[in-house]
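A.B. asks: Structure in C-alpha cells, see below.
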Number of protein chains: 4
Amino acid sequence: MSKFYAIVAGAGSGTGASVALRFAKTYPVVLLARKSANYEPIVQEIRAAGGSAYGYTADASDPASVDGAFAQIEKDLQGHKLAAAVYNANAGFAYKPFLELKVEDLDTSLGTAANGLFYFAQKTLPQLLDAVSSSPHPPSLLVTGATASIRGSAKFTTFAAGKFAQRAITQSLAREFGPQGVHVALAIIDGVIDTPWGKERTANNGVADGKIAAEAIAESYWHLHTQPRSAFTHELDIRPYVEKF
Amino acid sequence: MSKFYAIVAGAGSGTGASVALRFAKTYPVVLLARKSANYEPIVQEIRAAGGSAYGYTADASDPASVDGAFAQIEKDLQGHKLAAAVYNANAGFAYKPFLELKVEDLDTSLGTAANGLFYFAQKTLPQLLDAVSSSPHPPSLLVTGATASIRGSAKFTTFAAGKFAQRAITQSLAREFGPQGVHVALAIIDGVIDTPWGKERTANNGVADGKIAAEAIAESYWHLHTQPRSAFTHELDIRPYVEKF
Amino acid sequence: MSKFYAIVAGAGSGTGASVALRFAKTYPVVLLARKSANYEPIVQEIRAAGGSAYGYTADASDPASVDGAFAQIEKDLQGHKLAAAVYNANAGFAYKPFLELKVEDLDTSLGTAANGLFYFAQKTLPQLLDAVSSSPHPPSLLVTGATASIRGSAKFTTFAAGKFAQRAITQSLAREFGPQGVHVALAIIDGVIDTPWGKERTANNGVADGKIAAEAIAESYWHLHTQPRSAFTHELDIRPYVEKF
Amino acid sequence: MSKFYAIVAGAGSGTGASVALRFAKTYPVVLLARKSANYEPIVQEIRAAGGSAYGYTADASDPASVDGAFAQIEKDLQGHKLAAAVYNANAGFAYKPFLELKVEDLDTSLGTAANGLFYFAQKTLPQLLDAVSSSPHPPSLLVTGATASIRGSAKFTTFAAGKFAQRAITQSLAREFGPQGVHVALAIIDGVIDTPWGKERTANNGVADGKIAAEAIAESYWHLHTQPRSAFTHELDIRPYVEKF
C-alpha cells in the first residue's frame, strides 16, 4: 500500500506554517524554508500533535539548493508518493517609485515567484503524476498568489512582474496537467495576513478580523486539495470582509 | 437561542438539490422551485435522513410569486434566522444565431439571472444582515454562475447577457454587504453537471468524471459558507479536469 | 456605385454628438435620440459644415419606437448601405444602497443597455452584413461601455448589471459577426466626459484635462472603424491621465 | 524650439519595422535591433522616403548593451526630446511540454519580455517625462503584448510567464506615469503577423487577411500616441476578423 506525503515550500511564513499544520493532520509533511529557524518551530508543533514533519533548508530561487533538498527528501521519504505540493515561497517586495528600483529588485521578485515555482514544479510534477492513480485525493500543486497576481499597482512594478509571471505559470500548468489528473490551483490572497509580521502592519484600521487568519487560508487549501477531479477550482480569491477590492 | 435556516432557490436541479442536501446536514432548508415535483423528492430525501426541509413553489423571475413564497416562509420558519441563501435558479438558454433570437429569449435570460437574483437578494439580505451577530458562520449569499458569466461566446448572446448581469449584481453586493459581515460569492460552473439532464448531453467525449459531480459543487458551497469573515472568497471556478478553458 | 451612411443611437449626449460630427466628415449620418431637441443642434451643426444629417426621435428601449424609426430611415436613406452603427444610448444610473433600489431601476438599466442594444443590433447587423463586400472600411458596430462594464462597484448594482449585460452582448456579437466581416467593438469609457452635464460634476478635483474630451472619444471610434479586417480591436479603455484605475 | 524623436526597440520584426516607418512620417526614428541586418533595410527605406532614421545594435536583455546604445543615441540625437518609445523586442518562444523546458527557456523569455522592458523603461521614462510640457502629443511608452499576455496556455509556460510579467510592468508604469503626463499602453496582438516569418506559418487556414497586417498595427500605435491626455487608452487587443478568441 502506498503512503503519501505533502510538501510546503515557504513553510516559515504564516500561510506556509498554517498550511503545513493543516496538511499534517493527514499526511507526513515536508517543510522547506530558507533558514531552519523558520521551519523548526512548526516541525516541533506538528510532532507534538502526533504528526510527522521533516524540515529542509533551501533557497527556492536557487536551483542547486532546490536540487540538494529534493535529493535528500527522496531518500528520507522513500516509499512515499507525493499527494500535495504547496508553493508559498515569498521574497518580500520593493515598494518604490519605478526610477528608484534596481534591476536586482526585479530579479529578486522573478527569482522567487517565477523561477522558484518553475524549479519546484519541475521537481514535484513528476511525483504528483506518479500519484494520480493511487492518491486519496487528486494530487495537487497549490500556489500562493497575491493582489499583485492580477493587478499592477503603481510602485509595485517588480512585485507585480513576479506575481503575474507566477500566475501565468500556474495557469499553463493547470491546462497541461489538469487533464492528466493533477490539480493545479492559485489562491489570490488579497489582504494582510495576520502573522507576527502582519501584526506590525496596519490593515483596515485595525478593525477586528481586518487581517486574514492564516488558518482560514489553510482550510481553503485543504478544500482545494480534496476537490474530486470532476470539480477542480483553478483560481479563488481570499480577502477580509472589510478589504476594498 | 437563535435557530438558523438555509434557503435554496432553484432547488430542483442537480446543483440545487445537492446544495440543499448538503446544507440540510446542519440547517433546516427551504427549497424553492417552479414546480413542487422539482423539490418534493429532495424534501423527502432530507426528511428521510433526519433533516428538516420545506418546499415552496415560486417563479424566481416573478416578483409577486417570490413575495408570496417569502410571506409563507416567514410564517413557517418563525423564530429562525437566515444563515445561508443560495441562488441557483436557471432558465435554460437559447443557443442560436443572433438574428434568430427573439427579444423574449433575452427577457427570459435576464428575468431569471438578473431580475430573479435582484428579488431574491432584496428578500434575503435584510434577513442575512439580521443574522450577522449570531450566525455560526458568516451569513452567506451564494450564487451559481456559469462559463457565460465571464465569456460571451458566439450564439450564446442572451444567455451571456443574463449571466454577466448576474455577476455584476453579485460583485456589487459583495462590495456593499461584505463590510457589513455578509459573505456574497459567485461560483462559476464551467462544465456540464452530472445530472439526469446532464447525462443526456455529451461532455468531454464521455470520459470518466468529464461531467461535474453536483455533490462536489455542494461541498464547495459549504466551504464558502464556513469561511470566516477574515477570509472570504468572492469568486471561484469549478470545472472537470478534462474541460478546456 | 454604393453610397454609405452611419447611424448613431444616443446622439444627444457629448459622446454621441461628437461621434456624429466625426463620422459626418465622411458619411451622411443618422442621429437617434429620445427628443428632437437632443439631436437637432447636432444636425444643424453637421449641415452647416457641409455634411448630411438626419434626425429621428426614438426610445432605444422601446422596440415599437425603434421599429418606427428604422422604417422611416429605410425610406429616407434608400440606396445607401450602412457603414457604421454606433450604440451610445444611455439611461443614466441610480447610485443607491441596494435595499433602496426598486426593480424599476434594474429594468431601466437593462432596458437601455441590454434590450436597447439587442434591438439596435437586430436592426443594423443585417444592413452591416449587406455592406461587407463594398464598404470602404469594414462595417462596424461600436458600443459605448463604462467602468461599470467591467466592475460592479458598491451602490452601482443596477447600472453594472446593465453594462455587464451589454458587454456580454457585444462580445458574443463580435465572435459571431467578426468572421463574417463586421467589426464589433466596445469602448470602455472610464471617467467623466467633458460635457455640459459633465461640467457640473467634479472630476479629479478639477485638474486640467481631468474629464474626457468627447472629441477624443470620437477619434478613437473613427480609428476603430477604419481598422482593416486583419487587425480588429474588440475592446479598448479610455480614461483621463489622472483617473485612478 | 524643441525637436522630437521616436525610438523603436525590436525594430527588425514586421511590427517594429512598420511602427518605425509610421512614426518616421513625423519624427526622426531610432531603431534598435540585435543585428544591424535587421534594422538596416528599414533605415534605408525611411531615408529613401525622406525621413530620418538611425540604427543601433543592442541586445534588449543585456543591460550593458542597452547602456551602450543609449549613450550613443544621446550623443547622436542631442537637442532632441523623446516623444515616443516603443518596446517591441521579442525573444521568440519555446512551445514545449513543461517537463521538457529548461530554466534557460524561462530566463530567455523573462530576460527580453520583463528585464528588457525594465531597462528600456528606465532609460526612456526620464526622457519622456522631460518632454511632457513640450511634446506635440503626450509622450508615449508603447509595448507590444501577445495573446500570452493574458492567457497561460498549455505548453506556452515560459512564454506566458514573460508576457504576463511584461503586462504587469506596463500596468504599474501606466498607473505611476500616467498622472505625470506620460501615456503608457499595451497592445495585445492576438494572431499571427503577416511577415516573411509569419508567411511560413499557417494561420486561419490561409484565409484572406487571416494574418495581421503589420501596417495596421502601426496605425493603431500611432493612434495611441496621438490620443490627448484626457483620453488615454491603456490596453487594446488586435486580431484578425477570423481569429478565434
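All of the numbers you see were taken from the coordinates with simple rules; none came from a lab. All of these numbers come straight from a predicted model, not from anything done at the bench. Please note: Cβ atoms are built from the backbone with ideal geometry, for glycine as well, and neighbour counts cover all protein chains shown.
A.B. asks: Using a label point 7 Å beyond Cα on the Cα-Cβ vector, give me the inter-copy distances for residue D:99 in nanometres, one decimal, shortest first.
C.D. replies: Residue D:99 label point versus its equivalents elsewhere: 5.0, 5.1, 5.6 nm.
A.B. asks: Let me ask something additional. Once you sort the root eigenvalues of the Cα gyration tensor of the protein assembly as shown as a ≥ b ≥ c, which label holds: rounded (a/c under 1.5), prolate (a/b larger than b/c) or oblate (the other case)?
C.D. replies: Oblate.
A.B. asks: Can you tell me what share of the DSSP beta bridges in the protein assembly as shown is antiparallel? A percent to the nearest 5 is fine.
C.D. replies: Once the DSSP bridges in the protein assembly as shown are tallied, antiparallel ones form about 5 percent.
A.B. asks: Here's a follow-up. Under a 10 Å cutoff between Cα atoms, tell me which one of D:50, D:111, D:14 has the largest fluctuation in the Gaussian network model of chain D.
C.D. replies: Residue with maximal mean-square fluctuation among D:50, D:111, D:14: D:50.
A.B. asks: Compute the distance from the alpha-carbon center of the stretch C:100-157 to that of the stretch B:122-148, in whole Å.
C.D. replies: 31 Å
A.B. asks: What are the GluC sites (Glu not before Pro) within the stretch D:146-238 that DSSP puts in a loop, where the Cβ has at most 12 other Cβ atoms within 10 Å?
C.D. replies: Working: sites: D:176, D:200, D:215, D:219, D:235; in loops: D:200.
When the GluC sites (Glu not before Pro) of the stretch D:146-238 are filtered for loop state and at most 12 Cβ neighbours within 10 Å, D:200 remain.
A.B. asks: How many nanometers, to one decimal and shortest first, lie between the label point of residue A:3 and those of its other copies, if labels sit 7 Å from Cα toward Cβ?
C.D. replies: Nearest to farthest, the other copies are at 4.9, 7.7, 8.8 nm.
A.B. asks: Next question. Starting from 0.36 nm per residue, how many nanometres of slack lie between residue D:130 and residue D:153 once their C-alpha separation is accounted for? Could you put the intermediate results ahead of the total?
C.D. replies: Numbers: separation 23, 0.36 × 23 = 8.28 nm, distance 3.98 nm.
Roughly 4.3 nm would be gained on extension.
A.B. asks: Hand me the trypsin sites (Lys or Arg not before Pro) from the stretch D:113-202 located in a DSSP loop with no more than 12 other Cβ atoms within 10 Å, in residue order please.
C.D. replies: Sites meeting the loop and neighbour criteria: D:201.
A.B. asks: Another question about this same structure. Highest GNM mean-square fluctuation, chain D, Cα pairs closer than 10 Å: which of D:207, D:182, D:66?
C.D. replies: Looking only at D:207, D:182, D:66, the largest GNM fluctuation is found for D:207.
A.B. asks: Still on this structure: Which distances in nm, rounded to one decimal and ordered from shortest, link the label point of residue B:49 to the equivalent label points in the other identical copies, with labels set 7 Å from Cα toward Cβ?
C.D. replies: 2.8, 6.7, 7.0
A.B. asks: Work out, in µm²/s and without decimals, the Stokes-Einstein translational diffusion coefficient of chain C at 10 °C, 1.306 mPa s, Rh from Kirkwood over C-alpha pairs. Numbers along the way, then the final one.
C.D. replies: On the way: Rh = 18.1 Å.
Once the numbers are plugged in, D ends up at 88 µm²/s.
A.B. asks: Taking square-rooted eigenvalues a ≥ b ≥ c of the alpha carbon gyration tensor, is the stretch A:4-104 rounded, prolate or oblate, where a/c under 1.5 means rounded and, failing that, a/b exceeding b/c means prolate?
C.D. replies: prolate
A.B. asks: Below 17 Å Cα-Cα, how many Lys pairs turn up in the stretch A:4-238? Only count pairs eight or more apart in sequence, or on different chains, if you could.
C.D. replies: Eligible lysine pairs with Cα atoms under 17 Å apart amount to 8.
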